[in-house]
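Worksheet: the structure to be examined is printed underneath.
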Amino acid sequence: MKDNASPATPVLRQHRPNVMPLEGDIDLHVSPVVTEALNAMIKKKPERIVIDLSRATYIDSAGVAALILAMQEVEAYGGKFFLSGLQETLRSIFEISRLDRTFRIFPDVDAALAATGAWV
């Protein structure tokens, strides 16, 4: 293990309201930070939340759990929760676990934002 290696962290800066870009590995070490950021976003009860995973390289069960819990909270108050930009590695994880049937997944953030009004 390299001394200069550091765990991936979510990118919490937001260029667009209610869009959370994440990058690197979303794993046991990073998921608490993701959960904290999602909870802060959910507290405002936005109409929709889009998670941009275009720069995420891996997600483990802790990361998936954080997304599932956030989705449940958003849907509980009537909001919409979208994932976007899944690269092949993440897409296969979601397909194998059949979570592609649970989450609303879009090719990119723009598609998710454009489609938010269409989801009932």
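Using 0.36 nm per residue and subtracting the Cα-Cα separation, the extra length available between Ala40 and Arg16 on full extension is 7.1 nm. For Gly63, the shell of other residues with beta-carbons less than 13 Å away shows a net charge of -4, using +1 for Lys and Arg and -1 for Asp and Glu.
In the calculated pair distance distribution of the range 14-73, what percentage of Cα-Cα distances lie above 20 Å? In whole percent, the long-distance tail amounts to 17. For the range 68-110, the fraction of C-alpha pairs more than 12 angstrom apart is 62%. Carbon-plus-sulfur fraction of the accessible area of the range 51-96, 1.4 Å probe, in percent? Of the solvent-accessible surface of the range 51-96, carbon and sulfur hold 52 percent.
The calculated P(r) of the range 25-120, using every Cα pair and 5 Å bins from 0, goes 3, 14, 25, 27, 21, 9, 1, 0 in percent.
The values are calculated or read from the model by the stated rules, or taken from the named source; none is laboratory data. Not measured: the values here are computed from a predicted model. Please note: Cβ atoms are built from the backbone with ideal geometry, for glycine as well, and neighbour counts cover all protein chains shown. Surface accessibility is based on the protein's heavy atoms, side chains included, excluding ligands, DNA and RNA. Shrake-Rupley method; radii C 1.70, N 1.55, O 1.52, S 1.80 Å.
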